[in-house]
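Step one of this worksheet: look at the structure below.
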Amino acid sequence: MNSTPGRDLTGTAQSDTSTSLHTSAESRFAYVFYATANRYCCSVLVNIHRLRGLNSSVPIHVLVSADVDDPFIGAMERANANVHMLEPPAYAEGEGGYYRDCLLKLLAFKLHMLVPGLHRILVLDADQPILKNMDSLFEGLPDVDLAAPRAYWLSKDFLATTFMMINLSDRLWETIRAAFEALEYNKFDMDLVNDVLGDTVMMLSGEYVTLNSHWENWDLPQWFHPTSKLEATVVKRLNDKPPGDSGESERQVEQEDANGQDRIASEQQVSPSGSAIGVLTQVPIPAASLATSLLTPVVDEEVKPKPVPLSPSPRFSDSQSISKQLYQLQEFAPIIHFSALGKPWMLPKITVTLVRPDAHPLLAQQFEMWHETAAMVCPDGILL
C-alpha cells in the first residue's frame, strides 16, 4: 500500500489506494471479502487458498480497514487479491461494540465505482470455509439486485448477509448509502440489508450459510433432504434419547435404515470437486498434555482427579443414519458457517475434541481444516 486514501464518514474514498494484481481486473465478476482485524484477514487468506485450490478463476477483492497490518496486506497481494483500504461507516455514538466495523462489508455495494467494469460480486464473510467452487453462480443466478440465503435459524423471511450476490449499480449503492444515515439504534449490517432489500431479495436456500452447529447438536436443517430413507421421526427419537438410556439397540436402528446409503467416507471427507477436507484420525496426545493439565482441577494429592477424555466418543456411531446424513450434509454444503464454539481460529481440533467429545467427528475436522490451511498461508504468529 503506497498511501492512505482520504475518506468521508460513509467510507467513500476520495482516492482509493488499491492493488490490482489480477490480470483480469476488468472482469465483470468478483468474489469479495472484508477484514477489520488480522485474524479475520487470516481467514480471508484461508478462503483465497481454498478458492484457488477449487480451480476458481474469478478475481478476488478484499476490503480492509486500517487495523489490518502490512504483513497481511502483503500476503493477500502475493495471493493475487485486489486490496482496497476503506474506512468503515460509523454507527451512532457508542454503538457497534463487537459489530462496530461490520458496515465495512456494505461498502462492497460501491465497488463498481472503485473497479470500473465490475458488474456482479459475491460478498462473503471470511469466517466460513468455502467447500465448493461457486463460479457458476455468477451467470447461473437470475439478474437481480440481490440474491442471499435465508437465515433459516432465525426466520423464514430474514436473509443472511454472510453470502450476498450483488448486481452493482449507482441506484443500489445510493439506497445503501442513504440507509447508513438513517440506521436506527441497536441495528447492524444484517438489519440494514433486510430493512432496505428484504422485500426484493431473491431468497436462496440455507445451504449457502450452513451452520456447523448441526455437527455439534446432531440435527439437520429443514432445507436439507438426505438420500437416506430413514424417517425424521426416527432421527428425532435418536436425538431425544436421554444420555445413558440404552433405548433402541443399534441393530434396530440399522434395520430401520436398511434402505439408506452405505457408510459415507468414514476415513476421508472429500468435497464434490475432489478437494480433501480432512481425515478421520486419532491425534496422539502426551500423557502430561497441556490441555489435560489446564482442564484438570487442583485437588488434594490423596484425591484422584476425574480423568479428562482424550479421545472422541461420538453420540452416534458412523453406522447410524443421523451420522451418515451429517456426512452427506457436508458433502452437499458449498459453505460451512462457524456457529459452534466460536470462530475457527479460537480452537484447534484437539480442544474441540476435549470440549465436545460427543460431537460428530466432522465438527473437529472443520476446525482442523481451517488451522492446517491457516498455518500455510497466514503470517507467522497469528495463531499463537
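The values are calculated or read from the model by the stated rules, or taken from the named source; none is laboratory data. What you see is a predicted model; the values in this text were computed from it and never measured. Counting neighbours? That spans all protein chains shown, and the Cβs are built from the backbone with ideal geometry, glycine included.
Data for the structure
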{"read-out": "Residues located in the range 28-42, provided they are surrounded by fewer than 24 Cβ atoms within 10 Å (Cβ to Cβ), in contact with a strand residue (DSSP E or B) (Cβ under 7 Å, 6 or more places away or on another chain) and either assigned to a helix (DSSP H, G or I) or modelled with pLDDT under 95 (or both)", "value": "Arg28"}
{"read-out": "Residues that are surrounded by fewer than 23 Cβ atoms within 10 Å (Cβ to Cβ) and at pLDDT 95 or above, drawn from the range 153-164", "value": "none"}
{"read-out": "Filter result for Phe367 (assigned to a helix (DSSP H, G or I) and either closer than 17 Å to Arg50 by Cβ or aromatic (Phe, Trp, Tyr) (or both))", "value": "yes"}
{"read-out": "Asp170 surrounded by fewer than 19 Cβ atoms within 10 Å (Cβ to Cβ), among the acidic types (Asp, Glu) and in the same structural domain as Ser313 (by TED's automatic domain parsing)", "value": "no"}
{"read-out": "Qualifying residues in the range 336-384 (those that are surrounded by fewer than 19 Cβ atoms within 10 Å (Cβ to Cβ) and among the acidic types (Asp, Glu)) - the one modelled with the lowest pLDDT", "value": "Asp380"}
{"read-out": "Selection count, the range 49-90, where residues are touching a Cys at 6+ places or on another chain (Cβ under 9 Å) and not in a helix (DSSP H, G or I)", "value": "5"}
{"read-out": "Within the range 115-199, helices (runs of 4 or more DSSP H) holding 1 or more residues that are among the aliphatic types (A, V, I, L, M) and touching a residue at least 60 places away in the same chain (Cβ under 8 Å)", "value": "170-181, 189-197"}
{"read-out": "Scan of the range 116-147 for residues that are within 21 Å of the chain's Cα centre (by Cα), closer than 25 Å to His49 by Cβ, among the hydrophobic types (A, V, I, L, M, F, W, C) and buried (at least 20 other Cβ atoms within 10 Å of the Cβ), ordered by number", "value": "Ile121, Leu122, Val123, Leu124, Ala126, Ile130, Leu131, Met134"}
{"read-out": "Qualifying residue in the range 201-213 (condition: in contact with a Gly (Cβ under 8 Å, 6 or more places away or on another chain) and surrounded by fewer than 19 Cβ atoms within 10 Å (Cβ to Cβ))", "value": "no"}
{"read-out": "Any hit, the range 293-302, residues being among the polar types (S, T, N, Q) and either outside any loop (DSSP other than H, G, I, E, B) or at pLDDT 90 or above (or both)", "value": "yes"}
{"read-out": "Failed condition for Leu326, given (1) in a helix (DSSP H, G or I); (2) at pLDDT below 90; (3) more than 20 Å from Arg39 (Cβ to Cβ)", "value": "(2)"}
